[in-house]
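The next block holds one structure in the form of structure tokens; read it before the comments.
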Amino acid sequence: MESLELSEIGVLKGLENPPERLYYRGNLKLLRAPRVSIVGSRRPNPYTKTVVTRLAAALAKRGVVVVSGAAMGVDALAHKGAGAERTIGVMPCGLDIRYPAINAALIASIEKKGLALSRFEPGFRQRSWSFVVRNEIVVALGEVLVVAQADRNSGSMRSVAYAKRMGKPIYVLPHRLGESDGTNDLLASKEAEAIFDIDAFASRFGEEASSREDDFIRYLRSSPPYEEAVRRFGEALFEAELEGRIRIEEGRVILL
């Protein structure tokens, strides 16, 4: 486990009481990618379960990192749908405590392949107020907030209040009357926009990975200058280097 000063990452804007440091395990490069925060009920209905999983997967295919709180329900579905390597989990406790225990394996996978963050030092156990702090960070990390399902006066609706204060766009899933009253209220008041087409929504953030990969490989075959390749492809180039798919020779990128 390591820590870093908030000024080192520059991605948490709008926090009322920003921490001096964040503790982390995993891949900090995910903070450089487009990010979408997904929150919602701990007891999602079958429709929400299906759509959240599809939505997170569609975003991940386009290089988007899904941010959530590693809780039961919508949070866990969002992380699993995106895949551990394309997700950031924000914890309400120290990173040496995997909470909730039912998600311990999921959290361990996020720590290994994705990124786990906490503003709480090791040994700190979750409190009712620390969930609120965690939720604010989840919202701050995303470019937009997606509320998948939420009752009125729920923790997810508190996240909506954070998003409003920070000026983050808010999106919700369309639900039937009598279900997810919190998100239906947001639609009625025009404070949120409904996601009617998952692919259309995800495409706002980029192309599917297959298209980008084809362009990337074609470009690398020309053995381009390293600095130019970094400017054009950034994280994809770093990942290819870590995976041993390329090497750098005399300032040029060589595809292996």
Can you run phi through the Karplus equation (6.51, -1.76, 1.60; θ = phi - 60°) for the stretch 118-131 and list ³J(HN,Hα) in whole Hz, with x for Gly and Pro? 7, 8, 9, 6, x, x, 6, 9, 4, 10, 4, 6, 6, 5
Computed FRET value (nearest 0.05) for R32 with K190, which takes r as the C-beta separation and R₀ as 22 Å: 0.10
Amide proton proximity set for V146, modelled H, under 5 Å, gap of 5+: S37, I38, V39, Y171
With the radius of gyration and the Kirkwood radius both derived from the Cα set of the stretch 111-159, what is their ratio Rg to Rh? 1.00
Comparing R221, R165, R119, which has the greatest mean-square fluctuation in the GNM of the chain with Cα pairs linked when under 10 Å apart? R221
What residues have an amide H closer than 5 Å to that of V65, excluding those fewer than 5 places away on the same chain, when H is modeled at 1.01 Å from N in the peptide plane? R35, V36
Find the centroid of the Cα atoms in the stretch 180-239 and in the stretch 62-138, then give the distance between the two in whole Å. 22 Å
Above 22 Å lies some portion of the pair distances; for the stretch 152-256, what is it as a whole percent of all C-alpha pairs? 54 percent
More than 19 Å apart: what percent of Cα pairs in the stretch 1-120 qualify? 43 percent
Whole-number accessible area per residue in Å² for the stretch 164-233, which is evaluated in the context of all protein chains at 1.4 Å: 60 Å²
Given H placed on each backbone N at 1.01 Å, which residues far from I97 in sequence or on other chains put an amide H within less than 5 Å of it? G123
Could you give log10 I(q)/I(0) at q = 0.16, 0.25 Å⁻¹ for the stretch 86-182, computed by the Debye formula over C-alpha point scatterers of equal weight, without solvent? -0.76, -1.28
What do you get for the angle between helix 209-220 and the principal long axis of the chain? Use alpha-carbon atoms, 0 to 90 degrees, nearest ten. 20 degrees
Volume per residue, Å³, of the convex hull around the alpha-carbon atoms of the stretch 48-95? 56 Å³
Give the relative contact order (percent, whole number) for the chain; include only Cα pairs under 8 Å separated by 6+ residues. 18 percent
Whole-Hz Karplus ³J(HN,Hα) for the stretch 139-156, in order, using 6.51 cos²θ - 1.76 cosθ + 1.60 and θ = phi - 60°, x for Gly and Pro? 5, 4, 6, x, 6, 9, 10, 10, 9, 6, 6, 7, 7, 4, 6, 8, x, 5
For the chain, what D do you get in µm² per second when you plug the Kirkwood radius from alpha-carbon pairs into Stokes-Einstein at 37 °C and 0.692 mPa s? 174 µm²/s
What is the P(r) of the stretch 65-129, as percent of Cα-Cα pairs per 10 Å bin from 0? 25, 60, 15
Apply the Karplus parameterisation 6.51 cos²θ - 1.76 cosθ + 1.60, with θ equal to phi minus 60°, to every residue of the stretch 132-138 and state each ³J(HN,Hα) to the nearest whole Hz, in sequence, with x for glycine and proline. 5, 4, 4, 4, 5, 5, 4
Could you give the Stokes-Einstein D for the stretch 150-195 in µm² per second, using the C-alpha Kirkwood radius, 20 °C, 1.002 mPa s? 204 µm²/s
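The values are calculated or read from the model by the stated rules, or taken from the named source; none is laboratory data. On a predicted model such as this, the values are computed, not experimentally measured, just so you know. Positions of Cβ are backbone-derived with ideal geometry, glycine not excepted, and every protein chain shown enters the neighbour counts. Keep in mind that these areas ignore ligands, DNA and RNA; they rest on the heavy atoms of the full protein, side chains included. Shrake-Rupley method; radii C 1.70, N 1.55, O 1.52, S 1.80 Å.
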